[in-house]
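Inspection log for the structure reproduced underneath, given as structure tokens.
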Amino acid sequence: MMMVLFISCSEITKKVEDKLNDLTNKANSLDTLINKEIDKVIALDSIINLESDKVKMLDSLINKSSSKLDSIAKEKIKSFKLIN
């Protein structure tokens, strides 16, 4: 009777160990997948930051050009008023 109980416990222990190993393997696979996706997000964030810097630079150039055009237009209007 004790021998049957011991064999039964050994089988249950083996099944539990197998299930734990399966769970560990799945958890490791999931961890690897999550890390890859996080790396993709970090790379995308870096690209977004670079593009944002480009947009800020272009915005600055547009503002400078707009200011120059406004200044030229005001000078032309002043000179036109002086002529008339």
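Ranking Leu33, Ser66, Phe80 by Cα position along the charge dipole of the chain, where only Lys, Arg, Asp and Glu carry charges on their C-beta atoms, puts Phe80 farthest toward the positive end.
For Glu37 and Lys14, the difference between the fully extended length at 0.36 nm per residue and the C-alpha to C-alpha distance is 4.8 nm.
Against the main long axis of the alpha-carbon atoms of the chain, helix 2-83 sits at an angle near 0°. Between the entries (1) 75, 25, 15; (2) 67, 20, 10; (3) 121, 14, 8, the label attached to Cα extents along the principal axes in Å calculated for this structure is (3). Each residue was assigned an accessible area with a 1.4 Å probe, and for Ser29 the value is about 80 Å². For Leu69 and Ile47, a Förster radius of 35 Å and the Cβ-Cβ distance give a FRET efficiency of 0.60, rounded to the nearest 0.05.
Result for the chain in a Gaussian network model with C-alpha springs under 10 Å: among Ile47, Ile62, Ile72, the largest mean-square fluctuation is at Ile72. In a reduced charge model with +1 at each Lys and Arg Cβ and -1 at each Asp and Glu Cβ, region 1-76 shows a dipole moment near 400 debye about its Cα centre.
Restricting attention to the chain, lysine pairs at least eight places apart or on different chains and with alpha-carbon atoms under 19 angstrom apart total 10. Each residue was assigned an accessible area with a 1.4 Å probe, and for Lys74 the value is about 130 Å².
The values are calculated or read from the model by the stated rules, or taken from the named source; none is laboratory data. The shown structure was predicted, so the numbers you read here are calculated from the model rather than taken from an experiment. Here the Cβ is made from the backbone with ideal geometry for all residues, glycine too, and neighbour counts use every protein chain on show. Only protein heavy atoms, including side chains, enter the accessible area calculation; ligands, DNA and RNA are left aside. Shrake-Rupley method; radii C 1.70, N 1.55, O 1.52, S 1.80 Å.
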